[in-house]
């Protein structure tokens with residue numbers, strides 16, 4: 001099945017730094033979602049994007065729906081230790097019964 | 001208050017056994033899902049039920065059989081367990097209106113280990 005490619009695969013950053021990650025697809029989606037997974041837990045929704053070009057913020061997190069509809073970006077500003085985890089993008093097409101295709105994940109580790 | 005719950009949290013069993021994982025949601029959603037996350041953290045959908053009706057059935061061995069007794073529950077039964085079935089299984093739920101995508105809420109996962 002299709003998988004979305006996320007980069008970077010993993011990253012170590014200093015506390016206080018800004019973080020950027022992206023997600024690319026070979027086909028278009030009309031909904032993009034960003035999830036975070038903590039160790040031993042299920043993914044938790046961070047941001048949902050429904051329109052090409054849309055830019056949405058949730059606290060220190062900002063995500064954008066790429067204009068080509070084949071990519072999305074997530075930025076985290078002023079990272080803190082609790083930002084540690086795996087970040088997943090997910091794409092969906094209306095009419096496909098809410099079927100989400102998940103990305104390969106970006107593992108974020110924050111150094112104090 | 002737990003939104004999507006799964007039992008058990010951990011399941012260790014021998015190859016060839018049959019086991020079930022239960023999922024319940026108290027969000028009033030009409031659509032529920034089962035996902036499999038492998039050791040590389042790839043998340044892949046297995047099944048989806050809308051109002052107790054199967055709407056997504058990915059290429060999954062027929063040893064896996066989902067059962068939805070009502071809209072709030074979606075259980076996963078696995079027959080003749082194999083080593084490759086070892087993974088974390090996540091249940092999720094959402095509200096589905098006219099086939100549009102709505103946000104999915106995930107349970108805490110069930111880590112299945114087949115020995």
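What the table below lists for this structure:
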read-out	value
Shielding by partners - mean other protein chain Cβ count within 10 Å, residues of A:33-45	4
Inter-probe distance in nm under a simple model that places probes 7 Å from Cα toward Cβ, at residue B:72 and residue A:12	4.8
Over chain B, relative contact order from alpha-carbon pairs under 8 Å, at least 6 apart, %	36
Radius ratio Rg over Rh of chain B, counting only Cα atoms, Kirkwood formula for Rh	0.95
Gained length - residue B:83 relative to residue B:54, 0.36 nm times residue gap less alpha-carbon distance	7.8 nm
Average Cα contact separation per residue, segment A:1-50, under 8 Å, 6 or more apart, as relative contact order %	29
Whole-angstrom gap from segment A:30-48 to segment B:33-71, using each part's C-alpha centre	18
Cα gyration tensor shape of segment A:29-112, rounded if a/c is under 1.5, else prolate or oblate by comparing a/b with b/c	oblate
Over chain A, relative contact order from alpha-carbon pairs under 8 Å, at least 6 apart, %	37
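FYI, it's all coordinate maths here, none of it is from the lab. Being a predicted model, the structure only gives us computed values, none of them experimental. No Cβ is skipped: glycine too gets one built from the backbone with ideal geometry, and neighbour counts run over all protein chains shown.
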